[in-house]
Amino acid sequence: MYPIILLSVLGVVTLFLGFSKSKNILLPAVLFFLVLAIASNFVEWNKGPLLYFYDMLRVDNLTLAFNGIVLLSAFMIVAISGGFQDNPDSEPAEYYGLMLFSLVGALMMIGFEHMIMLFIGVEILSVAMYILTGSNKRNLRSNEAALKYFLMGAFATGFMLFGMTLIYGATGSFKLSHIHGFASNIQAGTQPFLMYAGLLLLLIGMLFKVSAAPFHFWTPDVYEGAPTIFTTFMSTIVKTAGFAALFRLLNTSFSEIYGFWWIIIAVIAVLTLLVGNIGATSQNSFKRMLAYSGISHAGYMLIALTALTKPSQSAIVFYSLAYSLSTICAFGVLILVSKEKTFEGQPNERYEAFNGLAKQNPVLAFVLAVSMLSLAGIPLTAGFWGKFFIFTSAAERGIIWITVIAVLMSAVGIYYYFRVIISSYLKEGDLIKIRVAPFYQVILLLATFLTILFGLAPGVFEGLI
């Protein structure tokens, strides 16, 4: 609860800092604000569950763990933003303020105990992301991406609200505990169709937010058109918050009607894996490949929701952290490389931009390689254990067939992830020495170190949540 209050106040402070003559104060100030939010997040560790705002917000160890992942990701993303100094038309205070406000929405999604709180969180996060996606006003791709994201997002929100309305009509409450009580007392032989229909519509709205197929069509174009730093924010924080909300919703309210919805989530998970992995193989743009990669990783996390066993909770937390660290590294290297090379008048985001990277920039090549290995699920990286925990939770539930499909899709993923490593280490390219700011390099190496550390010591989360 403390991070929500802090970020709400500090977001306004950030906007006022924009009036100062020197813009150089903004980046360190926002980083300091995020450190305060991270520190305040763990004040309530092991003190929950606690309820706030008329029992509309729940704080427990699971909430705090997801909050920590989101806030750590935000800190790293802001740290590599460089103050947005490359764009003369940029307004750093506005961008940082919107990022802090969007974090408030993400934290509300993670800890909601009342569906109105979920809706408010989704809207705060989404509206900020619509604006940030179209922040590069002189770039037609950015304008197109923002329009697509806004229109499809508004449409998905309509489904979500209609679903909430039907659930309220069936159960008489927006509170998760009351909905769970209604679902627990359904008499044998009865079918509460109103609640079932509401749940389906609510899932459609939420699955759009996490880029699950067939609600994924916006993802490649929006990821490609948005400024890369905001694409990084979108692909990590939005996805983590979305899956935290989905897990809380299904685990808390609808676990008693598991037999109704699990096959729906399972089919969507398989479809998402197929679309994400097969779509990524045909991409020439590294950025679009990461968009399809994000879709495929949504499929893996949906497997944990499908299983909904005791290990699913730790699995989805660990996977969210592993995916976020690797994705930040990948986009962080892309930001640096694409600035140095152009393609058709735009920053070069194609695979060819990485040709020969290891010869002149071995540190960047190493960071990129580790991130790709982790996303591919290669052993000794956090990504490997993330997938292992996901598959274990599915196997414990007895859903072996979905595990087999996921393993096969992981093999497909090796192809397009290794294309980047091959370009960096085995292909000849322009020998350009890329200058990397010391703090930027520290952040990339920290994320890489954590990826390897959690690959070597995956049990660090065991027993914490």
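Quick notes
- GLU123 passes every criterion in (1) within 27 Å of PHE215 (Cβ to Cβ); (2) touching a residue at least 40 places away in the same chain (Cβ under 8 Å) apart from (2).
- The condition of being modelled with pLDDT of 95 or more and outside any loop (DSSP other than H, G, I, E, B) holds for PHE162.
- GLU344 being closer than 18 Å to ARG288 by Cα, within 27 Å of the chain's Cα centre (by Cα), surrounded by fewer than 21 Cβ atoms within 10 Å (Cβ to Cβ) and among the acidic types (Asp, Glu): no
- Some residue of the stretch 367-384 being surrounded by fewer than 14 Cβ atoms within 10 Å (Cβ to Cβ) and under 17 Å from GLY299 (Cβ atoms): no
- Residue within the stretch 72-87 that is touching a helix residue (DSSP H, G or I) at 6+ places or on another chain (Cβ under 6 Å), assigned to a helix (DSSP H, G or I) and under 16 Å from LEU6 (Cα atoms) present: yes
- None of GLY97, GLY111, GLY18, GLY48 is surrounded by 21 or more Cβ atoms within 10 Å (Cβ to Cβ) and farther than 26 Å from LEU446 by Cα except GLY111.
- All conditions but one from (1) more than 23 Å from the chain's Cα centre (by Cα); (2) buried (at least 16 other Cβ atoms within 10 Å of the Cβ) apply to PRO438; the one that does not is (2).
- Looking across the stretch 56-80, just one residue is of a type in the set (Ser, Thr, Tyr) and either surrounded by fewer than 23 Cβ atoms within 10 Å (Cβ to Cβ) or under 14 Å from the mean Cα position of the chain (by Cα) (or both), and that is SER73.
- Among the residues of the stretch 122-144, those that are more than 18 Å from the chain's Cα centre (by Cα) and surrounded by 19 or more Cβ atoms within 10 Å (Cβ to Cβ) comprise GLY134, SER135, ASN136, SER142.
- Residue count, the stretch 107-154 (criterion: in a helix (DSSP H, G or I), under 30 Å from VAL317 (Cβ atoms) and not hydrophobic (A, V, I, L, M, F, W, C)): 8
- Qualifying residue in the stretch 187-194 (condition: out of contact with any Pro (no Cβ under 9 Å at 6 or more places or on another chain) and either surrounded by 20 or more Cβ atoms within 10 Å (Cβ to Cβ) or modelled with pLDDT of 95 or more (or both)): no
- Residue list for the stretch 26-44, filter: free of Cβ contacts under 8 Å to residues at least 24 places away in the same chain and exposed (fewer than 15 other Cβ atoms within 10 Å of the Cβ): PRO28, PHE32, ALA39
- Of everything in the stretch 1-47 that is outside any helix (DSSP H, G or I) and not small (Gly, Ala, Ser), the residue that is nearest to the chain's Cα centre (by Cα) is MET1.
- Residue within the stretch 16-23 that is more than 20 Å from THR228 (Cβ to Cβ) and either in contact with a strand residue (DSSP E or B) (Cβ under 8 Å, 6 or more places away or on another chain) or at pLDDT 95 or above (or both) present: no
- Helices (runs of 4 or more DSSP H) fully within the stretch 358-435 that include at least 1 residues being more than 23 Å from THR327 (Cα to Cα), within 25 Å of the chain's Cα centre (by Cα) and not aliphatic (A, V, I, L, M): 382-397, 400-426.
- Breaking point among (1) under 20 Å from ALA291 (Cα atoms); (2) at pLDDT 95 or above, for LYS148: (2)
The values are calculated or read from the model by the stated rules, or taken from the named source; none is laboratory data. As the structure is a prediction and not an experimental result, all values here were calculated from the model. Cβ sites come from the backbone with ideal geometry, for glycine too, and all protein chains shown count toward neighbours.
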